[in-house]
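See structure below.
The values are calculated or read from the model by the stated rules, or taken from the named source; none is laboratory data. Everything numeric here is computed off the predicted structure, so don't read it as measured data. Every residue, glycine as well, gets a Cβ built from its backbone with ideal geometry; the counts of neighbours run over all protein chains shown. Ligands, DNA and RNA are excluded from the accessible area calculation, which covers all protein heavy atoms including side chains. Shrake-Rupley method; radii C 1.70, N 1.55, O 1.52, S 1.80 Å.
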Amino acid sequence: MSDQPTLSTSNREYTRDPYASLTALREQAPLSRVVVDGLPVGLVTRHDEAVRILSTRG
């Protein structure tokens with residue numbers, strides 16, 4: 001799990017400007033598994049991908 005990107009919402013840099021971190025993720029891996037505050041989650045950072053995923057039945 002150490003190879004997964006990590007977001008810490010308590011990190012001052014993230015709190016000050018979360019868009020920088022999210023932009024980097026969107027460019028590198030628009031669909032990714034990340035660790036947010038110690039919890040593994042799936043993260044979708046592009047609108048088109050989110051619509052596709054939420055529209056898919058299954």
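If I model a spin label at ALA50 and THR15 as a point 7 Å from the Cα along the Cα→Cβ vector, what separation in nanometres do I get?
For the pair ALA50/THR15, the computed spacing is 2.4 nm.
Helix 18-28 against the longest principal axis of the chain: what's the angle in degrees, Cα atoms only, rounded to the nearest 10?
Orientation of helix 18-28: about 50 degrees from the principal axis.
Could you work out the equivalent-ellipsoid semi-axes for the chain, taking the square root of 5 times each eigenvalue of the Cα gyration tensor, largest first, in whole Å? All intermediate terms of the calculation are to be shown ahead of the outcome.
On the way: eigenvalues 95, 38, 19 Å².
Semi-axis lengths for the chain are 22, 14, 10 Å.
How large is the charge dipole for the chain, taken about the Cα centre, if only the Cβ atoms of Lys, Arg (+1) and Asp, Glu (-1) carry charge, to the nearest 20 debye?
Working: 7 positive and 7 negative charges, 37 e Å.
In total the dipole reaches around 180 debye.
Compute the distance in nm between two label points, each set 7 Å from the Cα along the Cα-to-Cβ direction, one at LEU7 and one at GLU27.
1.7 nm
Can you tell me the accessible area per residue over the chain, all protein chains present, probe 1.4 angstrom, in square angstrom? Show your work: numbers first, answer last.
Values: 4750 Å² over 58 residues.
I get 82 Å² per residue for this part.
Rank SER21, ALA50, GLY38 by how far each Cα sits towards the positive end of the charge dipole of the chain (+1 on Lys, Arg Cβ; -1 on Asp, Glu Cβ) and give me just the farthest.
Sorting the options by dipole projection puts first ALA50.
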